[in-house]
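Here the structure comes first, spelled out in structure tokens, and everything after it is commentary.
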Amino acid sequence: MNRMPHERAVYIETVGCQMNVLDSELVIAALKKQGYTLTDDPHAAGVILFNTCSVREHAEEKTYSALGRVAPIKRDHPETVIGVIGCMAQKDQDHIRTRAPYVDMIVGTGQLSKIPSLVDEVRRTNLPQLAVSLGRTDGGRTEIEASFESYDPARDPEMRPTPFQAFVRIQIGCDKFCTYCVVPSTRGPEQSRHPDHILAEVRTLADQGCLEVTLLGQTVNSYVYDHGDGRRTRISDLIARIHDVPSIRRIKFVTNFPKDMSNDLLDAVRDLPKAVKYLHVPVQSGCDTILKRMKRLYTVAEYREVLARIRERIPGVAVSSDFIVGFCGETEESFQKSMVLVDESKFKNSFIFKYSERPGTSAAGRFPDDVPDDVKRRRNHDLLEVQDAYSLIDHRQWIGKSVEVLVEGPSRKGHKQTPNGPGGRQLIGRTMTDHIAVFQGQDRLIGQIVTVDVIDAHGFTLYGEVRINQLAGLPTGSAITPELPIRPRRIGLDLL
Ligand code: SAM
Ligand code: SF4
């Protein structure tokens with residue numbers, strides 16, 4: 001294709017976690033304020049951005065191949081501004097310049113607010129622009145914190161997965177320094193946002209029609225804001241305040257650090273009706289030796305205690321987890337302990353990752369990456385098999401029950417035929433325990449919370465019928481029927 005790019009059209013691809021999806025929304029919102037429009041065609045764009053992830057090597061390679069794909073655009077239209085932003089930009093400036101010398105702009109996670117002016121600067125000077133924050137050893141804590149600004153300005157419903165669901169950052173950075181992980185370097189020191197700022201943002205979102213907010217932090221349950229006058233706002237206090245915003249109907253938060261799972265938070269989730277009864281609590285391994293090597297700060301017995309306490313305090317809660325297989329020194333015996341933990345833990349689902357050595361992390365410096373890739377692959381498969389078997393049991397226990405579903409939109413995957421379809425098309429949404437539900441219904445249900453009777457289930461999906469009064473009873477136009485927006489393109493990776 002040889003279309004003339006439009007100077008004020010921006011194209012963005014996003015890889016990685018929810019934090020990155022949110023960052024992309026905010027970057028686009030800022031550019032739109034400068035008169036930019038969003039395009040889903042890189043050939044039509046005057047600005048091409050890649051919002052990147054460094055958590056695993058695979059994610060980085062996806063970005064390099066995406067950069068390779070746009071090289072001909074830059075060659076044919078040198079005025080196109082190409083930017084690499086986010087985690088890779090913070091971590092790998094020199095490497096990016098070597099592998100993709102035509103990149104005009106490298107902007108780290110803590111400098112995203114500068115993007116509109118940096119684009120202007122590239123155009124004015126014809127020189128590459130770099131904006132990154134300080135490294136974790138490049139200065140005093142206050143100085144480093146200041147170089148990672150929390151970037152949470154205007155919100156843009158068009159960039160969200162749906163207009164009625166939004167991510168809200170409550171914490172940036174991470175101080176846990178798990179030995180395998182790049183996040184403390186790419187996102188800087190842990191800092192909690194002022195609760196009043198978070199509340200103001202949630203109210204804006206509510207005014208824009210948002211029904212569900214997902215509070216984001218790397219260790220979100222460690223959130224605490226110290227007001228400096230003896231007052232402290234914990235995440236449980238914050239959730240209670242958000243609960244008072246009338247049109248917000250659901251409050252979620254990810255990701256939890258097992259050791260920081262306090263009873264006040266669990267009680268808030270139990271007692272506040274809008275709090276989603278779902279907790280993502282990554283364990284990473286079922287073996288104490290490995291957990292110690294990962295510097296996860298808890299033992300398997302302590303994790304089991306946390307899990308038991310969660311289930312005791314919040315009856316019916318769904319819990320999910322993350323595992324890394326093939327971490328340095330993981331023997332077959334260590335791995336079998338992860339198998340035992342998955343088998344007994346009754347997680348709704350688990351995200352399982354093969355260990356990927358990340359240059360600059362302490363594991364990369366201290367321990368050889370000594371588990372061969374075929375062994376990692378086999379362990380990944382075996383662990384997933386045990387998890388999938390339980391996920392099926394977990395989902396099937398909902399058959400015969402009714403669930404409240406926030407309808408997100410048409411199902412994109414073409415799920416199996418939904419039974420007794422009353423017209424409309426296959427819609428998809430999530431329950432209060434974060435289970436995916438698919439059913440047949442009219443588009444006007446999108447953006448509504450409806451009751452669905454579950455009549456079948458697979459390992460990842462509940463299938464059901466929407467209660468008939470909701471099919472017929474809704475006044476026309478009562479649902480938010482969104483113009484389906486141009487989606488920010490994501491390279492095919494799981495959301496973390
Ligand atoms: N802060 C969250 C936590 O502590 O659970 C998650 C952050 S991390 C971006 C998401 C997941 O990626 C982790 O839970 C871990 O399972 C996985 N992960 C992180 N570093 C990894 C690495 N070097 N190799 C493979 N998986 C990794
Ligand atoms: Fe990475 Fe550990 Fe921080 Fe999670 S808690 S972001 S895994 S260092």
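The values are calculated or read from the model by the stated rules, or taken from the named source; none is laboratory data. Nothing here was measured: the structure is a model prediction, and the numbers come from that model. Ideal geometry is used to build each Cβ from the backbone, glycine not excepted, and the neighbour counts take in all protein chains shown. Please note that ligands, DNA and RNA were not included when accessible areas were found on the heavy atoms of the full protein model with its side chains. Shrake-Rupley method; radii C 1.70, N 1.55, O 1.52, S 1.80 Å.
A few comments on the model shown:
- Structure-based [θ]222 nm, the chain - -39500 (n - 2.57) summed over DSSP H runs of at least 4, per residue, nearest 500: -10500 deg cm²/dmol
- Here the Karplus curve 6.51 cos²θ - 1.76 cosθ + 1.60, taken at θ = phi - 60°, turns the phi angles of region 211-228 into couplings of 9, 10, 10, 10, 7, 10, x, 5, 10, 4, 6, 7, 3, 8, 10, 8, 6, x Hz, with x standing for Gly and Pro.
- Inter-label distance for Phe460 and Thr137, nm, one decimal - labels placed 7 Å from Cα along Cα-to-Cβ: 4.1
- When each of Lys62/Lys114; Lys259/Lys295; Lys32/Lys114; Lys91/Lys252; Lys176/Lys277 is checked by Cα-Cα distance, pairs over 22 Å: Lys62/Lys114; Lys91/Lys252; Lys176/Lys277
- Counting only DSSP beta bridges with both residues in the chain, the antiparallel share comes to about 35 percent.
- Cys with no candidate disulfide partner in the chain (beta-carbon separation under 4.7 Å rule): Cys17, Cys53, Cys87, Cys174, Cys210, Cys287, Cys328
- Averaging Cα coordinates gives a centre for region 308-361 and one for region 45-102; these two points are 33 Å apart.
- Label point distance in nm, Ala301-Glu7, each placed 7 Å from Cα along Cα→Cβ: 6.8
- Taking amide H as placed 1.01 Å from N in the peptide plane, the amide H of Ser350 sits under 5 Å from that of Ser321, each at least 5 places away or on another chain.
- For His458, the accessible surface of its heavy atoms amounts to roughly 80 Å² (probe 1.4 Å, protein chains only, rounded to the nearest 10).
- A simple spin-label model places pseudo-atoms 7 Å from Cα toward Cβ; at Arg97 and Arg425 they are separated by 4.8 nm.
- Normalised by residue count, region 19-167 yields a Cα convex hull volume of 125 Å³ per residue.
- Positive-end residue of Pro315, Ala301, Val325, charge dipole of region 287-333 with Cβ unit charges: Pro315
- Cα radius of gyration and Dmax for region 38-123 (Å): 12.1, 33
- Column: log10 I(q)/I(0), Debye, Cα scatterers of region 147-218, q = 0.18, 0.25 Å⁻¹: -0.74, -1.08
- Computed from the Kirkwood radius of its Cα pairs, the Stokes-Einstein diffusion coefficient for the chain at 4 °C and 1.567 mPa s stands at 54 µm²/s.
- Hz values of 3J(HN,Hα) by residue in region 192-207 - Karplus curve (6.51, -1.76, 1.60), Gly and Pro given as x: 8, 7, 4, x, 5, 5, 5, 4, 4, 5, 5, 5, 4, 4, 4, 5
- Descending principal axes extents, region 183-263, alpha-carbon based, whole Å: 35, 30, 26
- Length-normalised contact order for the chain - Cα pairs under 8 Å, 6+ apart - percent: 12
- Ligands, DNA and RNA left out, the 1.4 Å accessible surface of the chain is 52% carbon and sulfur atoms.
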